[in-house]
Amino acid sequence: MSLRHFLTLADLTADELERLLRRAAELKAAHYNGALHEPLRGRVLGMIFEKSSTRTRVSFEAGMAQLGGSAIFLSPADSQLGRGEPIEDTARVLSGMVDAVMIRTFGHENVQRFADVASVPVINGLTDAHHPCQLLADLMTWQSHRREITGRTVAWMGDGNNMCRSWMQAAELMGFDLRIGCPHGYAPDDLDAYPRSRHETDPGRAAAGADLIVTDVWASMGMEDEETARRAAFAPYQVTGTIMAAAGPDALFMHCLPAHRGEEVAAEVIDGPQSVVWEEAENRLHAQKALLEWLITESLAPDEPPRGD
Ligand code: CP
Ligand code: NVA
């Protein structure tokens, strides 16, 4: 396989996505059985974080350790990126030292620029526009409870943000419908490019009969100065018991976390019986292990000339 990156969910074919999800479930079962599986012994993941993280950092770092490798954490505060070293120069240097790079940053063009010159796989650990790793975990979690998602209806409630766009891409790949319950002015601006996604301003209608309700914070990282205005605009879109009742008793609830109880979700929902958020968070580990194993071992496949030659 030639060098592959994972910058958005659309970097995968539907078949590749299905295979990754199956592999993630296998790796989870093996981990629970205590089996050692170390295909990445001696391999190193570089992790650049320009925004905060709990789940992404720990799941990638633990995942590399469990696969026999290791990870290096870099932040702007203690790397030359923070002092203005160009992204492209950083990409070339890291490509000579590590086997893959994960980046969490602001503008999506930053990961694209990095990947354009990197000679190792680059993984998007969240940008302002996409959060594809979270979707691997979310789809894995759905499958463990309800199997196929094809033909189902998912209701996204709240901001048309990076997570929402990754759900839009998942809908195209996996063949389900996405209703985006969101006020005017906050729907994704590229909605027209995603025929399976529909904007619905009435929260009850967005949720009606949905198989899965998903939400996220109303003000993403980098939008802290909009918090007050957003709290007012999104208040009718809080996922409450009433919204879950509109969806139905079999509907599941997901949230990528961190959550704000009493804002985008009521405590009775996130801590209630339809919520699968803890499994969803744990599945970041297993899904990303499948991703790392695939991207790193395939980029080192024997038909590829060794790096540096
Ligand atoms: N869901 C998620 O990406 O969490 P962190 O911001 O803690 O990494
Ligand atoms: N939309 C959120 C997701 C956090 C994991 C953000 O970008 O802050």
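What does the C-alpha gyration tensor say about the overall shape of segment 230-285? Classify as rounded when a/c is under 1.5, otherwise prolate if a/b is larger than b/c, or oblate.
Numbers: a/c = 2.31, a/b = 1.23, b/c = 1.88.
Oblate, because a/c is 1.5 or more while a/b does not exceed b/c.
Angle check, please: helix 55-66 long axis (alpha carbons) against the longest principal axis of the chain (alpha carbons), in degrees 0 to 90, nearest 10.
Result, in degrees: 40.
Rank by packing, highest mean first: peptides 236-244, 260-268, with packing defined as the count of other Cβ atoms within 10 Å averaged across residues.
Details: 236-244: 19.4, 260-268: 16.8.
For the peptides 236-244, 260-268, the packing ranking is 236-244, 260-268.
Quick one: which residues, 5+ away or cross-chain, put their amide H under 5 Å from the amide H of Val239? H built at 1.01 Å from N.
For Val239, whose amide H was placed from the backbone, the distant partners under 5 Å are Val265, Ala266.
Calculate the translational D of the chain in whole µm² s⁻¹ from Stokes-Einstein, where the hydrodynamic radius comes from the Kirkwood formula applied to all Cα pairs, the temperature is 20 °C and the viscosity 1.002 mPa s.
Values: Rh = 19.9 Å.
For the chosen part, D equals 108 µm²/s.
Helix 277-299 versus the longest principal axis of the chain: what angle, 0 to 90°, nearest 10, using Cα atoms?
So the inclination is approximately 30 degrees.
Starting from 0.36 nm per residue, how many nanometres of slack lie between Glu16 and Glu226 once their C-alpha separation is accounted for?
Working: separation 210, 0.36 × 210 = 75.60 nm, distance 3.80 nm.
Length difference between fully extended and current span is 71.8 nm.
Compute the orientation-averaged projected area for segment 48-170 from the convex hull of its Cα atoms and round it to one decimal in nm². Kindly include the intermediate steps, with their values, before the conclusion.
Working: hull surface 35.6 nm².
Averaged projected area of segment 48-170's Cα convex hull equals 8.9 nm².
Send over a whole-number figure in Å² for the accessible area per residue of segment 144-227, probe 1.4 Å.
Working: 3430 Å² over 84 residues.
Accessible area per residue: 41 Å².
Between the helical axis of 162-174 and the dominant principal axis of the chain, each derived from Cα atoms, what acute angle in degrees is found, rounded to the nearest 10?
The angle comes out at about 90 degrees.
Could you pull the Cα extents of segment 189-300 along its three principal axes, largest to smallest, in whole Å?
That works out to 50, 34, 30 Å along the principal axes.
How large, in percent, is the carbon and sulfur part of the accessible surface of segment 223-309 at a probe radius of 1.4 Å?
On the way: 2230 of 4070 Å².
Within segment 223-309, the accessible surface is 55 percent carbon and sulfur.
If amide hydrogens are placed 1.01 Å from N in the peptide plane, which non-local residues have theirs closer than 5 Å to the one on Ile123?
Excluding prolines and chain starts, which carry no amide H, the hits are Phe6, Val101, Met102, Ile103.
Might you tell me the accessible area per residue for segment 1-72, computed with a 1.4 Å probe and given in Å²?
Working: 3450 Å² over 72 residues.
For segment 1-72, the solvent-accessible area averages 48 Å² per residue.
If I compute solvent accessible area with a 1.4 Å probe over the protein chains, what percent of it on segment 1-100 is carbon and sulfur? Walk me through the numbers before you get to the answer.
Numbers: 2620 of 5040 Å².
Heavy-atom surface of segment 1-100 belonging to carbon and sulfur, 1.4 Å probe: 52 percent.
Springs between alpha-carbon pairs under 10 angstrom, Gaussian network model over the chain: which of Ala24, Ala193, Ala206 fluctuates most?
Most flexible of the set in this elastic network: Ala193.
The values are calculated or read from the model by the stated rules, or taken from the named source; none is laboratory data. Here the structure is a predicted model, which means the values were calculated and not measured. A quick note on method: Cβ atoms are made from the backbone with ideal geometry, for glycine too, and the neighbour counts reach across all protein chains shown. Please note that ligands, DNA and RNA were not included when accessible areas were found on the heavy atoms of the full protein model with its side chains. Shrake-Rupley method; radii C 1.70, N 1.55, O 1.52, S 1.80 Å.
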